[in-house]
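So the structure is just underneath, and the comments pick up after that.
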Amino acid sequence: MTAADPLSGPGALRFGYGTNGFANHRLGDALAVLADLGYQGVALTLDHDHLDPFAPGLMRRVAAVRRRLDALGLAVVVETGARYLLDPWHKHAPTLLHDDPSRRVEFLRRAVRIGADLGAEAVSFWAGVRPPGVPPDVAADRLVAGCAVVCAEAAEAGVPLGFEPEPGMFVEDIAGWRRLREALGAPPGFGITLDIGHCRCLEPLPVPRCVSEVAAYLVNVQIDDMRRGVHEHLEFGAGEIDFPPVLRALADAGYRGLVAVELPRHSHAAPAVAARSLDFLRAASRGEGR
């Protein structure tokens, strides 16, 4: 590699992979595969099969994962998008918008403490879908109240928060994240998790512009391909995103966090998909491909 290669030097992008795309692997095995492939980090989704935050012996298990990450040289961000961890009947429920959000609040507080113990670069979370019968103004008040509790926990633990706009959720775009941040009083630790695919799905600006618009608040990046108007996480090259300009925008913005592949429906072929994904991202970083 040359000195100008974006894969080398102190400003190089650091690629990770989400454990939600390794749902059929034991966590230790998934981490080993990713390290062997050459990934520099992992986006760890707390779930019943990968570091369950409600199972017994949490401190011991977290310490073991920390040792494993350190031994493999993997950085980590903590993700909280588990589908049925809190309610076996209802996906993602309860959220901060429900009548009783206490289990979600407790989950997020635990996620922050786990993130601190793991040395995580960020803890990521989202709003959730507004429940039927909950007026928008009530949902907004509930979201602000819940986020304020999580922000206080994160400030005490010294862990950055990345709030993710998610298509179809109550806060689904960058503009919604800005309104929420303002309503919270612009706490310094309240950053943004930017999913590159989501930008193509629904943001009005080109994807590289989305990166530059939030560069000052960017603490976590998820990356995948997507098509306009369709919220479906696709392998690179299967959607519409031109990736070299996106990666260049991240590098130009001085982003130093993980850029983690987000393919939660590809666990059936996780090692092969992860290998292809890293090859693609490395080539795109050199300005090759689309």
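Can you name every one of the strands (runs of 3 or more DSSP E) wholly within the stretch 151-232 that holds 1 or more residues which are β-branched (Val, Ile, Thr) and in contact (Cβ under 8 Å) with a residue 60 or more places away in the chain? It would help to see each step written out before you state the result.
On the way: elements: 161-163, 190-195, 218-223, 225-227.
Hits in the stretch 151-232: 190-195, 218-223.
Can you tell me which residue among Asp117, Asp137 is open to solvent by 10 Å² or more (accessible area, probe 1.4 Å), of a type in the set (D, E, K, R) and either more than 30 Å from Gly73 (Cβ to Cβ) or in contact with a Ser or Thr (Cβ under 9 Å, 6 or more places away or on another chain) (or both)?
The unique qualifying residue is Asp137.
Got at least one residue in the stretch 182-203 being touching a Cys at 6+ places or on another chain (Cβ under 6 Å), among the acidic types (Asp, Glu) and under 28 Å from Tyr17 (Cα atoms)?
Yes, because at least one residue in the stretch 182-203 is touching a Cys at 6+ places or on another chain (Cβ under 6 Å), among the acidic types (Asp, Glu) and under 28 Å from Tyr17 (Cα atoms).
Just checking, which of Tyr39, Tyr84 is part of a loop (DSSP other than H, G, I, E, B) and touching a Phe, Trp or Tyr at 6+ places or on another chain (Cβ under 9 Å)?
Numbers: Tyr84 fails: touching a Phe, Trp or Tyr at 6+ places or on another chain (Cβ under 9 Å).
So the residue among Tyr39, Tyr84 that is part of a loop (DSSP other than H, G, I, E, B) and touching a Phe, Trp or Tyr at 6+ places or on another chain (Cβ under 9 Å) is Tyr39.
Tally up the residues in the stretch 250-282 that are part of a helix (DSSP H, G or I) and either open to solvent by less than 20 Å² (accessible area, probe 1.4 Å) or in contact with a strand residue (DSSP E or B) (Cβ under 7 Å, 6 or more places away or on another chain) (or both), please.
8
Across the stretch 64-96, which residue is nearest to the chain's Cα centre (by Cα) among those that are hydroxyl-bearing (Ser, Thr, Tyr) and open to solvent by less than 30 Å² (accessible area, probe 1.4 Å)? Write out each step before concluding.
So the first thing to find is which residues in the stretch 64-96 are hydroxyl-bearing (Ser, Thr, Tyr), and the list is 80, 84, 95.
Checking the rest, the ones that are also open to solvent by less than 30 Å² (accessible area, probe 1.4 Å) come to 80, 95.
Working: Thr80: 8, Thr95: 17 Å.
The extreme case among them is Thr80.
Kindly indicate the residue of the stretch 18-63 that is charged (D, E, K, R) and open to solvent by less than 40 Å² (accessible area, probe 1.4 Å) and also nearest to Ser124 (Cα to Cα) among those meeting that condition. Working first, answer last.
Residues of the stretch 18-63 charged (D, E, K, R): 26, 29, 36, 47, 49, 52, 60-61.
Of the ones still in play, those that are also open to solvent by less than 40 Å² (accessible area, probe 1.4 Å) are 47, 52.
Numbers: Asp47: 14, Asp52: 16 Å.
It comes out as Asp47.
Select from the stretch 213-248 the residues that are out of contact with any Phe, Trp or Tyr (no Cβ under 9 Å at 6 or more places or on another chain) and open to solvent by less than 30 Å² (accessible area, probe 1.4 Å) and list them in ascending order.
Answer for the stretch 213-248, where residues must be out of contact with any Phe, Trp or Tyr (no Cβ under 9 Å at 6 or more places or on another chain) and open to solvent by less than 30 Å² (accessible area, probe 1.4 Å): Asn220, Gln222, Met226, His233, Leu234, Gly239, Ile241, Pro244, Val246, Leu247.
The values are calculated or read from the model by the stated rules, or taken from the named source; none is laboratory data. Bear in mind the structure is a predicted one, so any value in this text is a computation, not a measurement. Reconstructed Cβ throughout: ideal geometry from the backbone, glycine too, with neighbour counts over all protein chains shown. Only protein heavy atoms, including side chains, enter the accessible area calculation; ligands, DNA and RNA are left aside. Shrake-Rupley method; radii C 1.70, N 1.55, O 1.52, S 1.80 Å.
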